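Here's the structure we're looking at; comments come further down.
The values are calculated or read from the model by the stated rules, or taken from the named source; none is laboratory data. Keep in mind it's a predicted model, so treat the numbers as computed, not measured. We place every Cβ from the backbone using ideal geometry, glycine too, and count neighbours over all the protein chains shown.
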């Protein structure tokens, strides 16, 4: 079983749609959680950290369920510029290592 | 703040030669930097943790004699791919995080696309 699992997609949605991505992780001792965005042939860029209480940043909402070891990302009112690969990333508290999911590809169409 | 510079961005080399990739933290110090590798349509895989002033820690399956890491200062880590072969062609990315302050997630360099011919 992979340490961080994501549905690779692709998710093809029209502009304005709401889309949700899910991610599960296997290490219950994980302490930090992130969503990164990676554009084609570029480095990953931090989209948002994920907290147990849930957090929102504009059109993006992230949720963490520690009991189920499940992380989600919701994108509302999708824009063409949201087209990218979204990486679910889990960090180990004491080593600083980040474990990346395979990524979920989103394609927003006009 | 928290800018990581990686150089070169792209390199093509002949099989059997060595390639050095630099990772610099421009506006902060980092005792630890991380080196990742990403094959097409695959996830980033951690190769090794670079520790300033001490030996790097390699992940299982990564050959330390092939991927030499040097972290001689708090702002520079280098990865040298020795005797490169076509199967080493990949996207190599480093990351680092400031020693102090709130942890906002690691900052990544812009990556190095290595092609071995």
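When the stretch A:23-52 is filtered for residues that are under 25 Å from residue B:39 (Cβ atoms) and more than 11 Å from chain B (Cβ to nearest Cβ), the ones remaining, listed by number, are A:23, A:24, A:25, A:26, A:27, A:30, A:37, A:39.
Of all the residues in the stretch A:45-85, those that are in contact (Cβ under 8 Å) with a residue 60 or more places away in the chain and under 13 Å from residue A:106 (Cα atoms) number 3.
The residue that is modelled with the lowest pLDDT, counting only those in the stretch A:6-31 that are surrounded by fewer than 17 Cβ atoms within 10 Å (Cβ to Cβ) and in a strand (DSSP E or B), is A:31. Taking the stretch B:6-37 as the search range and keeping residues that are within 20 Å of residue B:97 (Cα to Cα) and over 11 Å from the mean Cα position of the chain (by Cα), which one is surrounded by the most Cβ atoms within 10 Å (Cβ to Cβ)? So, considering only residues that are within 20 Å of residue B:97 (Cα to Cα) and over 11 Å from the mean Cα position of the chain (by Cα), the one surrounded by the most Cβ atoms within 10 Å (Cβ to Cβ) is B:30. Is at least one residue of the stretch B:67-83 more than 10 Å from chain A (Cβ to nearest Cβ), closer than 30 Å to residue A:84 by Cα and in a loop (DSSP other than H, G, I, E, B)? Checked the stretch B:67-83: no residue is more than 10 Å from chain A (Cβ to nearest Cβ), closer than 30 Å to residue A:84 by Cα and in a loop (DSSP other than H, G, I, E, B). All told, residue B:117 meets the bar of being surrounded by fewer than 16 Cβ atoms within 10 Å (Cβ to Cβ), more than 11 Å from chain A (Cβ to nearest Cβ) and in contact (Cβ under 8 Å) with a residue 24 or more places away in the chain. Condition check for residue B:64 on (1) more than 10 Å from chain A (Cβ to nearest Cβ); (2) not in a loop (DSSP other than H, G, I, E, B): one failure, at (2). In the stretch B:37-58 there is no residue matching the filter, namely being more than 18 Å from residue A:43 (Cβ to Cβ), outside any strand (DSSP E or B) and modelled with pLDDT of 95 or more. Restricting attention to the stretch B:10-28, the residues being modelled with pLDDT under 95 and either more than 17 Å from residue B:110 (Cβ to Cβ) or assigned to a loop (DSSP other than H, G, I, E, B) (or both) number 3. Would you say residue A:55 is more than 26 Å from residue B:110 (Cα to Cα) and either surrounded by 16 or more Cβ atoms within 10 Å (Cβ to Cβ) or away from chain B (no Cβ under 13 Å) (or both)? So residue A:55 fails the test. Among the criteria (1) surrounded by 15 or more Cβ atoms within 10 Å (Cβ to Cβ); (2) touching a residue at least 12 places away in the same chain (Cβ under 8 Å); (3) under 24 Å from residue B:110 (Cα atoms), the one residue A:42 does not fulfil is (2).
Considering the stretch A:72-108, the residues that are more than 10 Å from chain B (Cβ to nearest Cβ) and within 12 Å of residue A:30 (Cα to Cα) include one that is surrounded by the most Cβ atoms within 10 Å (Cβ to Cβ), namely A:90.
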